[in-house]
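Let me begin by presenting the structure, written as structure tokens, before commenting on it.
Derivation of every value follows stated rules applied to the coordinates shown; laboratory data play no part. Bear in mind that the values here come from a model prediction, so they are computed numbers and not experimental data. Counting neighbours? That spans all protein chains shown, and the Cβs are built from the backbone with ideal geometry, glycine included.
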Amino acid sequence: MFQLKIPHRAQALFAAAVLAAGLAGPLGLPVLAQSQRVLVVVGDHPITDYDVNQRLRLNAALGYPAQGSEAEQRKAALDDLIDEVIKRIEAKKNKLAPSDKQVDKAIDGMAVRVGTDRAHLEAKLKAKGISMHALQEQVAASMGFNWLLESKYKIHVKVDPSEVDRRLAHFSQDPRLKPVKIYTLMEIQLPVDSASQANAQQILYARAIEAQQIMQRFKGCSSAHKAVSGIYNVRVSKPLQVAVDKLPSRLKAVLDQKGPGGIAGPMRANNGIQLVAFCGRSTVSPPKPTRELVKTMLANEKYKVASQRILRDLRRRVFIDYKAMN
């Protein structure tokens, strides 16, 4: 028997996403009116425009791709909020609602797991226009519903070894897990500053001559910085791993002719002249999922199906009064 207990995984991912995006500037969302117009009443719990706006910002912070039109996104956010109210109602009815202290402790734990503290997390939320209350409500709904599933509905999932075998066999045929041929390259760029049309070609010609000098000195990627020594305004990239099938066919043909340790060019680039150094070939095999990971994945899928079935039943029993079109 395999029992799944992952109570706050989504919230931990949320905290990590908020912190990771903290320096990226304002979210790319339209300015949403902070209206308190009531859209829906679930039982006796109102859901407002403001609540939907908060959920849209939260989804953006999580990095969820926007699906459909703005109206469709708002409807999906409203549906999520309705489900969360139902979860909180049922948890409270069954005396399984978490206390404010338990919710705060869970949020503190989320912050610690992503290497920060509550104050830092709250500041990041505020900078993105997300209230701490919105996060607290989401965490409370998740905690209470998980406790409800385990305590009242005794949700347990069993994964048969044959199911794991079938999923592993499926992964073995997945083209995304096939070995990939990789070329390791370095780019050497000789930029050309903006110049009048009259002398642009002359400057490009001079830079191409400098590129030829670099090619003569080049003795492999380890010598790249030495090869460009003494030449003004040259940029040498770090080694880049590029899948062979992503390379332009003409460049691949030249690199194959040169072989590892060779250098291709000079080539005209958008900002000047470019050389491409061929550091080596390799084959990379993406890590295949372990048997334990597949077992957990299948258990999660079954757990999700069972929880959605229970939520659908609960939703049918609750009076949902739509007050306004969102």
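Starting from the Cα of Ala243, move 7 Å in the Cα-to-Cβ direction to define the label point; list residues of segment 268-303 whose amide nitrogen is under 18 Å from there. Counting only backbone N, you get 281-289. Note on Val180 and Arg113: the model spin-label points, each 7 Å out from Cα along the C-beta direction, lie 2.8 nm apart. Under a 5 Å amide H cut-off, with hydrogens placed 1.01 Å from N, Cys279 pairs with Thr184, Leu185, Met186, Gly261 among residues at least 5 apart or on other chains.
Phi angles across segment 238-251 convert, under the Karplus curve 6.51 cos²θ - 1.76 cosθ + 1.60 with θ = phi - 60°, into 3J(HN,Hα) values of 6, x, 10, 9, 10, 5, 4, 6, 9, 7, x, 4, 5, 5 Hz, Gly and Pro given as x.
Pairs of Cα atoms nearer than 8 Å and 6+ residues apart set the relative contact order; for segment 179-284 it is 50 percent. Here the 3J(HN,Hα) profile of segment 217-229, calculated from phi with Karplus coefficients 6.51, -1.76 and 1.60 at θ = phi - 60°, is 7, 5, 10, x, 4, 5, 9, 4, 5, 5, 5, 8, 4 Hz, Gly and Pro shown as x. The label point for Ile203 and the one for Tyr232, both projected 7 Å from the Cα toward the Cβ, are 1.1 nm apart. Note on Lys92/Asp165: beta-carbon distance plugged into 1/(1 + (r/R0)^6) with R0 of 35 Å gives a FRET efficiency of 0.25. Multiplying the residue separation of Thr296 and Val318 by 0.36 nm and removing their Cα-Cα distance gives an extension gain of 4.7 nm. Counting only DSSP H runs of at least 4 residues, each contributing -39500 (n - 2.57), and dividing by the residue count of the chain, the helix-based mean residue ellipticity at 222 nm comes to -17000 deg cm²/dmol.
Evaluated with a Cβ-only charge set (Lys, Arg +1; Asp, Glu -1), the chain carries a dipole of roughly 820 debye about its Cα centre, given to the nearest 20. Between the listed residues Val244, Ile310, Leu39, the Cα displaced farthest toward the positive end of the dipole of the chain, a dipole computed from Cβ unit charges relative to the Cα centre, is found at Val244. In loop segments of segment 250-326 as defined by DSSP, the trypsin sites (Lys or Arg not before Pro) with at most 15 further C-beta atoms inside 10 Å of their C-beta are Lys323. Note on Gln216 and Ser285: with the Förster distance fixed at 45 Å, the Cβ-Cβ geometry gives a FRET efficiency of about 0.75. Taking the Cα centre of segment 179-284 as origin and assigning +1 to Lys and Arg Cβ atoms and -1 to Asp and Glu Cβ atoms, the resulting dipole is close to 260 debye. Here's the picture: charge each Lys and Arg Cβ at +1 and each Asp and Glu Cβ at -1 in the chain, and of Ala169, Thr48, His156 the one pushed furthest to the positive end of that dipole is Ala169. For the pair segment 41-78 / segment 83-147, the C-alpha centres are spaced 17 Å from each other. Need the list of aspartates and glutamates near Lys158 for cross-linking: C-alpha distance under 18 angstrom, and skip anything on the same chain fewer than eight residues off. Straight-distance partners of Lys158: Glu150, Glu292, Glu301. For chymotrypsin sites (Phe, Trp or Tyr not before Pro), the sites in segment 297-326 that DSSP calls loop and that have at most 11 other Cβ atoms within 10 Å are Phe319. Between the labelled values (i) 22, 37, 29, 11, 0; (ii) 32, 60, 7; (iii) 30, 58, 11, 1, the entry that holds P(r) over Cα pairs in 20 Å bins from 0, in percent as derived from this structure is (i). Dividing the mean sequence gap of close Cα pairs (under 8 Å, 6+ apart) by how many residues the chain holds gives a relative contact order of 24 percent. Rounded to the nearest Hz, the phi-derived 3J(HN,Hα) couplings of segment 300-307 under the Karplus curve 6.51 cos²θ - 1.76 cosθ + 1.60 (θ = phi - 60°) are 4, 4, 5, 4, 5, 4, 5, 5, where x marks glycine and proline. Positive end of the dipole of segment 196-326 (Cβ unit charges, origin at the Cα centre): among Asn300, Met267, Ser229, the Cα lying farthest that way belongs to Asn300.
Close amide H partners of Val180, meaning residues 5 or more places away or on another chain with modelled amide H under 5 Å apart, are Val284, Ser285. Peptides 147-153, 228-234, ordered by how many other C-beta atoms sit within 10 Å of their residues on average, highest first, read 147-153, 228-234.
Enumerate the lysines that Lys258 could reach by cross-link, defined here as Cα to Cα under 17 Å, with residues fewer than 8 away along the same chain left out. List returned: Lys219.
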